[in-house]
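S.K.: The structure that follows is given in the form of structure tokens.
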Amino acid sequence: MVDLSAYAGRTVEVSLSQASDETFQMYGAFVDDVTVSTGQGSTSFEADGDTLDGWTTPGPPPGSPGNTNDWIVGTAAQTPPSPGAVARASLRRQPEILAFLSHYFGRYPFKVAGGIVEKDDRLQFALETQTRPVYASAFFTNRTDGDSVVVHELTHQWYGDSLAVRRWRDIWLNEGFATYAEWLWARHVGTGSPAAIFALAYNAIPAGDPFWSLRIGNPGPDHLFDQPVYLRGAMTLHRLRQQVGDRDFFRILRRWAGARAGGNVSTPEFVRLAERVSGQHLHALFRTWLYTPRKPALPRSAAPRSGGGGQAYAPGRSSGKGARSSVCKPRCALAAR
């Protein structure tokens with residue numbers, strides 16, 4: 001309730017705004033049955049020839065980019081599902097997701113699996129707690145994002161929980177792998193592909209963007225969970241895949257997870273394994289993508305082509321632990337009922 005008694009006898013303008021960014025959009029606000037004490041100006045948004053009853057949808061403020069969605073008039077049936085409903089649906093897919101990940105990474109390393117969704121809005125991250133990841137409810141605004149974050153945290157059961165980094169500087173071995181699993185899942189469900197997502201990110205982020213300045217192979221304690229660790233980590237794996245081919249790439253991932261299960265790992269160990277499996281010298285590739293503070297050049301054979309099929313990415317953004325680094329933009333309804 002908004003108390004307007006201080007404006008009694010005067011004319012006032014009331015506006016409702018919902019701000020979002022390129023990566024996350026929440027549900028907005030739901031408004032109905034607006035009344036004043038005199039009864040004049042009552043607004044119920046009914047189908048009476050003036051469904052907005054004097055309200056307008058003026059669009060973004062001057063200087064802001066255009067809206068991809070805006071206020072609508074609709075019914076209760078058109079409202080999006082609650083985060084709880086989305087979370088339940090995504091968590092029900094855990095057996096399917098685990099089977100999918102096992103195909104690429106080998107047998108699931110534990111005997112049980114589950115998840116906990118925290119209702120408290122103050123929690124704004126997900127955490128790969130062994131066998132029971134913890135999720136903020138904010139991740140479950142739509143099924144695409146909800147499923148994707150479950151994929152991400154379940155991947156950590158292999159890379160992060162079964163394999164634990166020996167030093168925090170190698171955290172890309174956790175977050176890059178989990179992000180790349182999201183890309184594989186996108187291909188599985190038809191919302192994108194690793195090649196398209198790599199191309200979209202590479203083409204979208206200019207060379208001068210701070211994104212490229214972080215050495216993700218040793219990001220420092222203040223930047224362990226910055227977005228480049230996630231996204232550039234996944235891009236490093238895709239470059240490895242391009243270099244060695246699919247057969248050796250997925251052999252590397254399975255051997256990495258299996259041979260070192262229950263142990264502590266490091267980047268040099270992963271590089272040695274990749275070279276042993278592929279029979280190629282890969283130090284230059286990893287040095288370029290993990291430790292060079294600038295946008296890597298690509299060989300002509302790996303140069304990405306522009307095109308659709310990827311997922312929305314916001315250059316230069318920093319994200320908290322477990323935050324999605326590649327997400328599909330939800331089509332949220334800002335409904336007036």
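The values are calculated or read from the model by the stated rules, or taken from the named source; none is laboratory data. Computed from a predicted structure; not experimentally measured. Note that we place each Cβ from the backbone using ideal geometry, even for glycine, and neighbour counts take in every protein chain shown.
S.K.: Go over the candidates ARG324, ARG232 one by one and state the one that is crowded, with 17+ Cβ neighbours inside 10 Å, under 27 Å from the mean Cα position of the chain (by Cα), charged (D, E, K, R) and modelled with pLDDT under 85.
M.R.: ARG324
S.K.: Would you confirm, using the coordinates I've provided, whether LEU237 is crowded, with 20+ Cβ neighbours inside 10 Å, part of a helix (DSSP H, G or I) and of a type outside the set (Val, Ile, Thr)?
M.R.: So LEU237 fits the description; yes.
S.K.: So, one more: TYR180 - would you say it is of a type outside the set (D, E, K, R), in a helix (DSSP H, G or I), surrounded by 16 or more Cβ atoms within 10 Å (Cβ to Cβ) and touching a Phe, Trp or Tyr at 6+ places or on another chain (Cβ under 8 Å)?
M.R.: No, not satisfied.
S.K.: When only residues in segment 252-287 that are free of Cβ contacts under 8 Å to residues at least 24 places away in the same chain and surrounded by 15 or more Cβ atoms within 10 Å (Cβ to Cβ) count, which is nearest to HIS156 (Cα to Cα)?
M.R.: ARG255
S.K.: Let me ask something additional. Of the numbered conditions (1) over 22 Å from ALA99 (Cβ atoms); (2) touching a helix residue (DSSP H, G or I) at 6+ places or on another chain (Cβ under 9 Å), ASN203 fails exactly one; give the number of that condition.
M.R.: Unmet for ASN203, out of (1) over 22 Å from ALA99 (Cβ atoms); (2) touching a helix residue (DSSP H, G or I) at 6+ places or on another chain (Cβ under 9 Å): (2).
S.K.: Checking ALA136 against (1) farther than 19 Å from TRP183 by Cα; (2) surrounded by fewer than 21 Cβ atoms within 10 Å (Cβ to Cβ); (3) in contact with a Phe, Trp or Tyr (Cβ under 7 Å, 6 or more places away or on another chain); (4) among the hydrophobic types (A, V, I, L, M, F, W, C): exactly one of these is not met. Which one?
M.R.: Among (1) farther than 19 Å from TRP183 by Cα; (2) surrounded by fewer than 21 Cβ atoms within 10 Å (Cβ to Cβ); (3) in contact with a Phe, Trp or Tyr (Cβ under 7 Å, 6 or more places away or on another chain); (4) among the hydrophobic types (A, V, I, L, M, F, W, C), ALA136 violates only (2).
S.K.: What is the one condition in (1) without any contact (Cβ under 8 Å) to a residue 12 or more places away in the chain; (2) closer than 16 Å to ALA257 by Cβ; (3) among the charged types (D, E, K, R) that ASP161 does not satisfy?
M.R.: (1)
S.K.: Check GLY160, GLY115 and return the single one that is touching a helix residue (DSSP H, G or I) at 6+ places or on another chain (Cβ under 6 Å) and within 17 Å of THR179 (Cα to Cα).
M.R.: Answer to the check: GLY160.
S.K.: Evaluate segment 217-225: report whether one residue or more is buried (at least 17 other Cβ atoms within 10 Å of the Cβ), of a type in the set (Gly, Ala, Ser) and closer than 30 Å to VAL86 by Cβ.
M.R.: no
S.K.: Keeping to segment 48-70, report how many residues are touching a strand residue (DSSP E or B) at 6+ places or on another chain (Cβ under 8 Å) and polar (S, T, N, Q).
M.R.: 2
S.K.: Search segment 240-251 for residues that are in contact (Cβ under 8 Å) with a residue 40 or more places away in the chain and farther than 20 Å from ARG287 by Cβ and pair each with any residue that is assigned to a helix (DSSP H, G or I) and of a type outside the set (S, T, N, Q) when their beta-carbon atoms are under 8 Å apart and the residues are at least 6 apart or on different chains.
M.R.: Listed by first residue and then by second, the contacts come to PHE250/TYR104.
S.K.: Is one or more of the residues making up segment 201-210 at pLDDT 95 or above, in contact with a His (Cβ under 6 Å, 6 or more places away or on another chain) and under 17 Å from LEU240 (Cβ atoms)?
M.R.: Checking segment 201-210: not a single residue is at pLDDT 95 or above, in contact with a His (Cβ under 6 Å, 6 or more places away or on another chain) and under 17 Å from LEU240 (Cβ atoms).
S.K.: Note down all Cβ pairs under 9 Å where the first residue falls in segment 111-125 and is within 16 Å of ALA89 (Cα to Cα), the second is hydrophobic (A, V, I, L, M, F, W, C) and part of a loop (DSSP other than H, G, I, E, B), and they're at least six residues apart or on different chains.
M.R.: From residues that are within 16 Å of ALA89 (Cα to Cα), the pairs are VAL117/PHE140.
S.K.: Looking only at segment 191-224, count how many residues are assigned to a helix (DSSP H, G or I), of a type in the set (S, T, N, Q) and within 20 Å of the chain's Cα centre (by Cα).
M.R.: The qualifying residues number 1.
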